[in-house]
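For reference, the structure discussed in these notes is given below.
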């Protein structure tokens, strides 16, 4: 008998904002998801992410994770390149939510015309790197000492960032 709650993926709504920011904050609190010390105000988050590929994973009537894209450049030549963010709620990690979200955001991104997705992940976040690689991303390099932590037990520590990318098999790069 399956006792795991069912997870559904849907388009993000404006009223998801508090849950999105709560999950973002949970990631920030780990010290391995972002250089940010806290989630930004909703208006800032909303403005920084494209509207054509924003998804949430819903479990038990609540948001269990989210994935969204941000443009890497306003130049037309990079119109099909976006940075991917994916965050999973503390109580949903390890339950397959990340994989469902990742597969769905890739599908949404391609439907919206993106040919390259990029992600930057701390090397210590092995689960995120494994998720990316299992869904077609490849490591293209590591930016050494990319930024310095300003919070938590790692305050003052320089951090590397692993760069991953995924190219669409159907769009763009013939």
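A few notes on this one:
- When DSSP beta bridges are restricted to pairs lying wholly in the stretch 7-167, around 90% turn out antiparallel.
- Normalising the average separation of contacting C-alpha pairs (under 8 angstrom, six or more residues apart) by the number of residues puts the relative contact order of the chain at 20 percent.
- Residue with peak Gaussian network fluctuation, the chain [Cα springs, cutoff 10 Å], from 155, 11, 135: 155
- Gaussian network model of the chain, Cα within-10 Å springs - most flexible of 78, 24, 87: 78
- On the beta carbon distance between residue 111 and residue 145, with R0 = 41 Å, the FRET formula returns roughly 0.65.
- Considering only 119, 85, 38, the Gaussian network model of the chain with Cα springs below 10 Å gives its largest mean-square fluctuation to 38.
Bear in mind these aren't lab numbers, they're just calculated from the coordinates by the rules spelled out. This is a predicted model, so every value here is computed, not measured. Please note: Cβ atoms are built from the backbone with ideal geometry, for glycine as well, and neighbour counts cover all protein chains shown.
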